[in-house]
Amino acid sequence: MPIVTIEVVAPADSAAVPGLAQLLADAVGLVINSPPGQTWVRVRAVPLAQYAENLTTPDPANLPVFVTILKRHPPQGAELELEVTALTRAVAKVIVRPSHCVHIEYAPAALGRLSFGGTLVQ
């Protein structure tokens with residue numbers, strides 16, 4: 001049931017990579033050991049004109065990728081560290097960005113606060 005939102009900051013004139021969402025869904029699913037069809041990935045382009053960093057101009061060669069992950073139970077401790085490392089590498093490889101440009105945020109546990117088709121995640 002993981003839902004992953006990936007926001008890619010890019011120049012407005014950059015071409016979208018065909019099949020990027022599927023490539024990312026496959027890569028993320030492998031990292032988190034998710035059965036087919038159980039990890040949902042949304043990809044959003046963030047035009048560079050809609051992104052800023054305080055008191056500086058973003059380096060076009062190092063534009064960020066923001067990843068938000070919603071899981072029933074997010075991992076913790078050493079398991080979280082391993083997953084973050086693997087996810088960072090996988091996303092960076094697919095999007096062709098340095099790993100230091102990939103930033104991952106785990107949303108609070110979905111348990112008891114998310115529903116699918118009217119059924120609360122338990």
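The values are calculated or read from the model by the stated rules, or taken from the named source; none is laboratory data. Predicted model only: the values in this text are computed from it and were never measured. Every residue, glycine as well, gets a Cβ built from its backbone with ideal geometry; the counts of neighbours run over all protein chains shown. Note: accessible area is taken over every heavy atom of the protein model, side chains too, but ligands, DNA and RNA are not part of it. Shrake-Rupley method; radii C 1.70, N 1.55, O 1.52, S 1.80 Å.
Considering ALA78, ALA86, ALA45, ALA90, which residue is outside any loop (DSSP other than H, G, I, E, B) and modelled with pLDDT under 95?
After applying the criteria, what remains is ALA45.
In the range 95-122, what residues are open to solvent by 40 Å² or more (accessible area, probe 1.4 Å) and part of a helix (DSSP H, G or I)?
Within the range 95-122, SER99, HIS100 meet the criteria.
Taking the range 67-85 on its own, how many of its residues are closer than 19 Å to GLY29 by Cβ and open to solvent by 70 Å² or more (accessible area, probe 1.4 Å)?
Count: 4.
Since THR88 meets every condition but one in (1) open to solvent by less than 30 Å² (accessible area, probe 1.4 Å); (2) touching a residue at least 24 places away in the same chain (Cβ under 8 Å), which condition does it not meet?
The failed condition is (2).
With respect to the numbered conditions (1) under 16 Å from the mean Cα position of the chain (by Cα); (2) modelled with pLDDT under 95, which one is the sole condition not fulfilled by ALA12?
That leaves (1) as the condition not met.
Residues being part of a loop (DSSP other than H, G, I, E, B), farther than 28 Å from PRO58 by Cβ and among the aliphatic types (A, V, I, L, M): count how many of those fall in the range 1-41.
Count: 2.
Just wondering, is there one or more residues in the range 57-66 that are surrounded by 15 or more Cβ atoms within 10 Å (Cβ to Cβ) and modelled with pLDDT under 95?
No: the range 57-66 contains no residue that is surrounded by 15 or more Cβ atoms within 10 Å (Cβ to Cβ) and modelled with pLDDT under 95.
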